[in-house]
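Below: the structure, in C-alpha cells.
FYI, it's all coordinate maths here, none of it is from the lab. The model shown is predicted, which means the values in this text are computed figures rather than measured ones. Glycine gets a Cβ as well: all are built from the backbone with ideal geometry, and neighbour counts include every protein chain shown.
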C-alpha cells in the first residue's frame, strides 16, 4: 500500500473513516480500504483515497490545479495564503497546532500547507482530481488527501477539532445543504469557518451572464482564451487609467463589464479569472443567509471575518476550551 495517505496520519485516519454506502467501519485491504460490513472497497490511487468516481461536475478544478499546482503555495517571498487563512477563518497557529483539521475543498493544498506548517494534522477532501496535487505538494506533512463528496463525507460524527472551507461550497449544486452537512463532523466545542462569494458585489452581474457560456466551454479551450484575454484587458485598463479626465471613469466601466482578476502576479490573474468563469455551479451569498444556516445547525458564537463573506461558529460543548481570538 502506498505510504503518503497513511504514514503520517494512519491511526487518526483509520479511526474516523466510514463507508459512504452503509457507514460501516473500514479496514486496510490491498491498495486501499474495504468496508467490514458491506465489503465496498475504496482504492488508493495517486496517494489519494477515492470515495467518488473520477468524473464529476468539479472537473474544471482538477484541470486548473493540475496546471497551477504550486502557484498559490506560500514561499519565501509571499505569505498571501497564510494571510488569507487568517482573514477568512479567524483561526490562528495557536488554535490549530496539534489539532485534527478538515479542509473541505482542499484543491492543490494551498491552505492545508499553511495549517500543517502551523502544526495541525489535516485531512483534505476534494471532489476533483486536485486532491492528487495536494497529496504531492504535502507528501512530507501530516496530511492525507481524499477524493470525496461534501454531501456524503466518509467520516464518523464528531471527528474534527476544526473544519474550514474557503471558496468552495458556492461551487456545489446546493451551498446551503453543503454547509449544513459539515457541523456533524465537529467535536463538541469545535469550530467551523467558511468563506463564500459575496452577493453584495455588483460586478458579478456581468460575470454571471458570461458564465452561462464559459462554463460550457472545455476547460483547456477556456484557459487558452483567458491566457490571451486577461493580459489584453488589463493592458487596456492600465492605458485608460492614465488618460486625463475620462480615463478613470472609462476604466471603471471596463472593469464592470469585463471583470477579470487584477492580482499583481500574472499567473494568479489568469488562474483566478479561470476560477470565476469555468465552474458549472457558482452561487453568491449574504451574511444574513450564512448566519441563518449556522444557527439552523445549532452553532453558536458566530463571528465574521475581515473579508466578505467569511463566517465562523462553534459547536456547543466543553470537550476543550476554544482559544479563538475574537474578531
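Structural remarks
- Listed residues 16, 253, 166, most fluctuating in the chain (Gaussian network, C-alpha, under 10 Å): 253
- Taken over the C-alpha atoms, the stretch 223-326 has Rg and Dmax values of 20.2, 62 angstrom.
- When 293, 268 are sorted by how many other C-beta atoms sit within 10 angstrom of their C-beta, beginning with the fewest, the order is 268, 293.
- The stretch 229-270 shape via C-alpha gyration tensor axes, a/c threshold 1.5: prolate
- q = 0.19, 0.29, 0.31 Å⁻¹, the stretch 48-91: log10 I(q)/I(0) [Debye, one scatterer per Cα]: -0.82, -0.96, -1.00
- Compactness of the stretch 18-91, taken as the C-alpha radius of gyration over 2.2 N^0.38 Å, stands at 1.56.
- Alpha-carbon Debye profile of the stretch 263-321, log10 I(q)/I(0) at 0.30, 0.31 Å⁻¹: -1.15, -1.17
- Were the residues from residue 246 through residue 157 laid out at 0.36 nm apart, the gain over their Cα-Cα distance would be 26.2 nm.
- Label-to-label distance for residue 284 and residue 221 is 2.7 nm, based on points extended 7 Å past Cα in the beta-carbon direction.
- Rg followed by Dmax, in Å, when the chain is reduced to its Cα trace: 20.3, 73
- For the stretch 24-177, Kirkwood radius (reciprocal of mean inverse C-alpha pair distance, Å): 15.9 Å
- Here, the stretch 66-153 has an Rg and a Dmax of 12.1, 38 Å when only alpha carbons are counted.
- Taking the Cα atoms of the stretch 204-277, the ratio Rg/Rh between the radius of gyration and the Kirkwood radius comes to 1.00.
- Computed [θ] at 222 nm, helices only, for the chain once each DSSP H run of length n ≥ 4 contributes -39500 (n - 2.57): -11000 deg cm²/dmol
- DSSP bridge orientation in the chain - percent antiparallel, rounded to nearest 5: 45 percent
- The stretch 129-268, Rg to Rh (Cα coordinates; Rh as Kirkwood inverse mean 1/r): 1.07
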